[in-house]
């Protein structure tokens with residue numbers, strides 16, 4: 001039983017390393033999609049008539065903007081910290 005567990009863990013480690021490799025290579029694509037999603041959200045809210053732009057809609061947009069900016073800032077920090 002124990003050798004099968006170790007073999008399974010080894011296979012999991014190989015798959016995890018492969019996924020990590022591809023996630024790092026696709027990071028610019030994720031960044032671009034995040035920017036496009038932010039632009040789309042802003043465009044959707046701006047397109048609404050002012051009477052339909054309630055505080056909840058503006059709050060959701062603001063929370064989304066703040067969260068995305070924080071995540072993008074973290075990505076940038078990780079990229080620059082890897083180079084050192």
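The values are calculated or read from the model by the stated rules, or taken from the named source; none is laboratory data. All figures in this text were calculated on a predicted structure; none of them were measured in a lab. Glycine gets a Cβ as well: all are built from the backbone with ideal geometry, and neighbour counts include every protein chain shown.
Things to note:
- For the stretch 23-32, the set of residues classified as at pLDDT below 85 and either under 16 Å from residue 73 (Cα atoms) or surrounded by 10 or more Cβ atoms within 10 Å (Cβ to Cβ) (or both) consists of 23, 24, 26, 27, 28, 29, 30, 31, listed by residue number.
- Pairing each residue of the stretch 37-58 that is closer than 24 Å to residue 71 by Cβ with any residue that is assigned to a loop (DSSP other than H, G, I, E, B) and at pLDDT below 90, provided the two are 6+ apart or on different chains, yields C-beta distances under 9 Å for 45/53; 46/53; 57/48.
- If you check 61, 77 for being touching a helix residue (DSSP H, G or I) at 6+ places or on another chain (Cβ under 8 Å) and at pLDDT 80 or above, only one passes: 61.
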